[in-house]
1. Looking at (1) at negative phi; (2) open to solvent by less than 70 Å² (accessible area, probe 1.4 Å), which one does TRP190 not meet, given that it meets all the others?
2. On the given criteria, is CYS45 touching a residue at least 40 places away in the same chain (Cβ under 8 Å) and more than 24 Å from MET154 (Cβ to Cβ)?
3. How many residues, within region 184-229, are closer than 30 Å to VAL174 by Cα and either of a type outside the set (Gly, Ala, Ser) or part of a loop (DSSP other than H, G, I, E, B) (or both)?
4. Hey, any hits in region 198-210 for a residue that's without any contact (Cβ under 8 Å) to a residue 60 or more places away in the chain and open to solvent by 80 Å² or more (accessible area, probe 1.4 Å)?
5. Could you grab me the full set of residues in region 124-162 that are small (Gly, Ala, Ser), touching a residue at least 24 places away in the same chain (Cβ under 8 Å) and within 21 Å of GLY108 (Cα to Cα)?
6. Could you say whether any residue in region 230-241 is open to solvent by less than 30 Å² (accessible area, probe 1.4 Å) and assigned to a strand (DSSP E or B)?
7. In this structure, does ILE172 turn out to be within 24 Å of LYS17 (Cβ to Cβ), in a strand (DSSP E or B) and open to solvent by 70 Å² or more (accessible area, probe 1.4 Å)?
8. Residues in region 42-78 that are in a helix (DSSP H, G or I) and closer than 18 Å to LEU137 by Cα: how many?
Amino acid sequence: MYSAYGPLCTKVYELSKPVGYSTGDVEYYTERLKGRKGKTLEVGCGSGRVLVPLLESGIPIEGIDYSSSMLDSCRAECHDRGLSTTLYLGDMGDFSLDEKYSDIIIPGGSFQLIEEREKAVQALRNFYDHLESGGRLILDLFLDIDLELNKVSMRTWEIPPSEAITLETRIIEVDFLKQKTVSLLKYEQWSEGQLLQTELQRFPLCWYGLHEFQLLLESIGYKDVTISADYSYGTLPTHAGAMLTYEAIKY
């Protein structure tokens, strides 16, 4: 049975991308949000990799994620650091909160997990509805996606004294018309050569053209769209491997 960011996936995320781990995004979002009035919402906050350091820097931020396991991890990280915030369980496409936010952020390409284009449009409209007038949407997208069907990769994380978690990733679908890949992720927890637990995850990943996504934002009503490459604000990308950050305003 497929799971969505279950306990083993959460453990791997804690090991591979712990709280504070940054590819430049933690510093970038801290700078972009510094001095803003009102609250920020991180959509797809996961175990708090970005949310927790933003809280520590004094940015009022809440989070939402559809994985209860990830949210439990995020709560524990906040508790251990004496931090307080509100975390919501919900899907990024159709959540409904009473709050309006000055900023909504989605680091790390998490938006690309929305598999159907109609649901992606619905999500962008939902973010728009949850922004204050003058509020900003800031999110990351990437184009450097592996398109080799049936390609298999393996990773292992050792957990002293005698355990390990392995992750096998197999690309099972490449759809150029729908601009998506689907991978099957198999997590296995081992102890002294004995298999303790297995977890399967279906992992879709969609991609967007550079200007395609800008036009999509503008069609919904977002204005003043800025595209930045590799967390350098206002620097246009020069290669497909760059991380793209879109910033757009609701007026």
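The values are calculated or read from the model by the stated rules, or taken from the named source; none is laboratory data. Here the structure is a predicted model, which means the values were calculated and not measured. Here the Cβ positions follow ideal geometry from the backbone for every residue, glycine too, while neighbour counts run over all protein chains shown. Surface areas here come from the heavy atoms of the whole protein model, side chains and all, with no ligands, DNA or RNA. Shrake-Rupley method; radii C 1.70, N 1.55, O 1.52, S 1.80 Å.
1. The failed condition is (2).
2. So CYS45 fits the description; yes.
3. Here the count works out to 32.
4. There is no residue in region 198-210 that is without any contact (Cβ under 8 Å) to a residue 60 or more places away in the chain and open to solvent by 80 Å² or more (accessible area, probe 1.4 Å).
5. Matches in region 124-162: GLY135 only.
6. Among the residues of region 230-241, not one is open to solvent by less than 30 Å² (accessible area, probe 1.4 Å) and assigned to a strand (DSSP E or B), which makes the answer no.
7. yes
8. 2
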